[in-house]
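Structure, as structure tokens:
Nothing in this text is a laboratory measurement; each read-out follows from the coordinates by a stated rule. All values derive from a computational prediction rather than experimental measurement. Methodologically, a virtual Cβ is constructed for each residue, glycine included, from the backbone with ideal geometry; neighbour enumeration extends over all protein chains shown.
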Amino acid sequence: MERSQHWYVVASSREIRSEPVAKRRFGATYVLWRNRSGEVICLPDRCPHRGASLSQGALVGGAIQCPYHGFRFDERGACTHIPCQPDKPIPIRMKLEPPEICERDGWVWMWRGQPGGARPSPPTSELYADFVYGEISSEWDAHFVRVLEAQIDYTHVPFVHRSSFGRNMDPKMDIAIETAPGSFRARLVGRPEESFQFIELLYPNVWINRTGDKVQIISAFAPIDEHRCEMYVRFCQRFLTAPWIGRAVAELGAWLSRRIIGEDLPIVAAQLPQAVEETRDVLLASDVTVTTYRKMRRMAFKAYREQAAGDDQRSSNS
Ligand code: FES
Ligand SMILES: [Fe+2]
């Protein structure tokens, strides 16, 4: 999948515990776990010996032990033990290259840009503050951009969601958009909710639907490969502050959002072409959120290609 100088959400912090778990992202499979200090560790889920899945193995003294022949790899991917020949040197190629990851705002992020050099921080928003959230996730048979675009699109609501929150919604819309580096906000002009409802997109794969001061929905769209993604939905609330009741209500809100997602899913999964890069969609002014996102994406890929070409030039000159 094409790269750009960005951090992508690849998992929710809640999913990563002390036991190894496999996640397929960007067409490759990774094993993740949380070490004794609480840090998230991520390695390719493929043993360099003969290709077994490390996520089927076990953690032994902080290292992951392959289920097939028991080779162990530390948190940086170095092989530390080969049981069948413990006294011989470990071959140089017997190692794993860990992807660069970090954790912020309850998400695990993966860097998809050039290795080394300066890094931006993962995108964040002031809207994250003070909310209790419940969370669900679901896999979609669709490119993550198609799924994300359905969430930032106002004009599908009176049709796809006509039996839920889009009932009686006027399909004629005037959408205002404000852009900022790495993000944008959009809202419906001239509607009663104009003063408090808006959507905020944090490039590349997080979306916040601010439905009011006390409730908002946050979604992230983790790419599995060119044809699938995993969507996370957080129902965030701050109208109930009592700890367990607040959390229970947030979890219920997240669970109820499955119905809304179920309305989008068959439409988005059937869109052609699946990969939005190939698309020849005929876009209108009412698609302004989609065109804004696609422009950000095109510019991100272009910047990456230019930087990569510059790096190649510098290394051939040196
Ligand atoms: S395949 Fe992993 S130790 Fe052999
Ligand atoms: Fe929708």
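To the nearest 0.05, how large is the calculated FRET efficiency for Val21 and Glu100 if R₀ is 25 Å and r is the Cβ-Cβ distance?
Efficiency computed from Cβ-Cβ geometry: 0.85.
Rounded to the nearest 500, what is the chain's calculated 222 nm mean residue ellipticity when only DSSP H runs of at least 4 contribute -39500 (n - 2.57) each, over all residues?
Value at 222 nm, helices only, nearest 500: -7500 deg cm²/dmol.
Could you check the simple spin-label distance between Gln85 and Lys302, using points 7 Å along Cα→Cβ, in nm with one decimal?
Reported label-point gap for Gln85 and Lys302 is 5.3 nm.
Roughly how big is the stretch 231-318's charge dipole about its Cα centre, with Cβ charges of +1 (Lys, Arg) and -1 (Asp, Glu), in debye to the nearest 20?
280
Can you sort Val249, Val9, Val282, Val145 by how many other beta carbons sit within 10 Å, fewest first?
Neighbour counts put them in this order, fewest first: Val282, Val249, Val145, Val9.
Please rank Met296, Met1, fewest neighbouring Cβ atoms within 10 Å first, as an exposure proxy.
Least to most surrounded, the residues fall as Met1, Met296.
Between Arg119 and Arg14, 0.36 nm times their residue separation minus their Cα-Cα distance comes to what?
35.3 nm
Along the charge dipole of the chain, pointing to its positive end and built from +1/-1 on Cβ of Lys, Arg, Asp and Glu, which listed residue (Ala11, Ala303, Val206) has its Cα farthest out?
The residue sitting most towards the positive pole is Ala11.
Which residue, chosen from Met169, Gly106, Gly77, occupies the Cα position most advanced towards the positive end of the dipole of the chain, where the dipole is computed from +1 (Lys, Arg) and -1 (Asp, Glu) charges on Cβ about the Cα centre?
Gly77
Which aspartates and glutamates have a Cα less than 14 Å from the Cα of Lys172, not counting those fewer than 8 places away in the same chain?
Candidates past the 8-residue exclusion: Asp153, Asp287.
Using a Cα-Cα cut-off of under 12 Å, which aspartates and glutamates could be cross-linked to Lys23, ignoring same-chain neighbours fewer than 8 residues away?
Correct list for Lys23: Glu15, Asp45, Glu139, Asp225, Glu230.
With +1 on the Cβ of every Lys and Arg and -1 on the Cβ of every Asp and Glu, and nothing else charged, how large is the dipole of the chain about its Cα centre, in debye rounded to the nearest 20?
480
Give a quick list of chymotrypsin sites (Phe, Trp or Tyr not before Pro) in the stretch 1-103 that DSSP marks as loop, anything other than H, G, I, E or B, with at most 16 other Cβ atoms within 10 Å.
Tyr68
Looking at the stretch 206-239, which trypsin sites (Lys or Arg not before Pro) are in a loop (DSSP not H, G, I, E or B) and have at most 16 other Cβ atoms within 10 Å?
Lys214, Arg238
Suppose a student asked you for the relative contact order of the stretch 217-318, using Cα pairs under 8 Å spaced at least 6 residues apart; what percent would you report?
15 percent.
Separation between the Arg238 and Glu178 pseudo-spin-labels, each 7 Å from Cα along Cα→Cβ, expressed in nm?
1.8
With a point put 7 Å past each Cα toward its Cβ, work out how far Ser138 is from Leu252 in nm, to one decimal.
In this crude label model, Ser138 to Leu252 measures out at 2.0 nm.
Treating the beta-carbon of each Lys and Arg as +1 and of each Asp and Glu as -1, no other charges, what is the dipole magnitude of the stretch 7-111 about its Cα centre, to the nearest 20 debye?
Computed about the Cα centre, the dipole is about 240 debye.
Fewest to most neighbouring Cβ within 10 Å: what's the order for Trp111, Trp244?
On the way: Trp111 18, Trp244 8.
Result, fewest neighbours first: Trp244, Trp111.
Which of the trypsin sites (Lys or Arg not before Pro) found in the stretch 1-107 are in a DSSP loop and have at most 14 neighbouring Cβ atoms, other than their own, within 10 Å?
Here the trypsin sites (Lys or Arg not before Pro) that fit, given the DSSP loop and packing criteria, are Arg17, Arg36, Arg50, Arg76, Arg93.
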